[in-house]
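Only one structure is covered here, and it is reproduced in the block below.
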Amino acid sequence: MSKFDLTRLEAIIAERARSGDENSWTAKLFAKGTPKAAQKLGEEAVEAVIAAVSHDREDLISESADLLYHWLVVLALEGVSVDEVMAELERRTARTGIEEKASRKG
């Protein structure tokens, strides 16, 4: 298994966002802001879904990587860390998914 993780990718994104490098896709996304990054996130989510329902393993892997990258860009633009998301997921494991979802209603 790879030792590369979301925390490392988060750090790379932060570094590239600050670089001002005109050849950096990350820097360009940060310059365009959340609306553009969120649009790309949505596009990648749809592409991942299409790959999944098509049972295209290689495309699913590739589109999932794109999805995670764009998700982390959106989080960074909005000042949300991976640790915060992971803490929320950890909190939710204290009960079943059905119980957790029911608690969000109303």
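Key figures
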{"read-out": "Set Val74, Val53, Val82: member being hydrophobic (A, V, I, L, M, F, W, C), at pLDDT 95 or above and more than 25 Å from Arg8 (Cβ to Cβ)", "value": "Val53"}
{"read-out": "In the stretch 20-69, the residues that are in contact (Cβ under 8 Å) with a residue 60 or more places away in the chain and open to solvent by 70 Å² or more (accessible area, probe 1.4 Å)", "value": "Leu68"}
{"read-out": "Search result, residues across the stretch 69-89 that are closer than 13 Å to Leu6 by Cβ and of a type in the set (A, V, I, L, M, F, W, C)", "value": "Trp71, Leu72, Val73, Leu75, Ala76, Val80, Val82, Val85, Met86, Leu89"}
{"read-out": "Residue satisfying all of: in the stretch 1-19; hydrophobic (A, V, I, L, M, F, W, C) and surrounded by 10 or more Cβ atoms within 10 Å (Cβ to Cβ); farthest from Ser81 (Cα to Cα) among these", "value": "Ala17"}
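The values are calculated or read from the model by the stated rules, or taken from the named source; none is laboratory data. Values in this document were obtained by computation on a predicted structure and should not be read as measured data. Here the Cβ is made from the backbone with ideal geometry for all residues, glycine too, and neighbour counts use every protein chain on show. Calculation scope for accessible area: heavy atoms of the full protein, side chains included, ligands and nucleic acids excluded. Shrake-Rupley method; radii C 1.70, N 1.55, O 1.52, S 1.80 Å.
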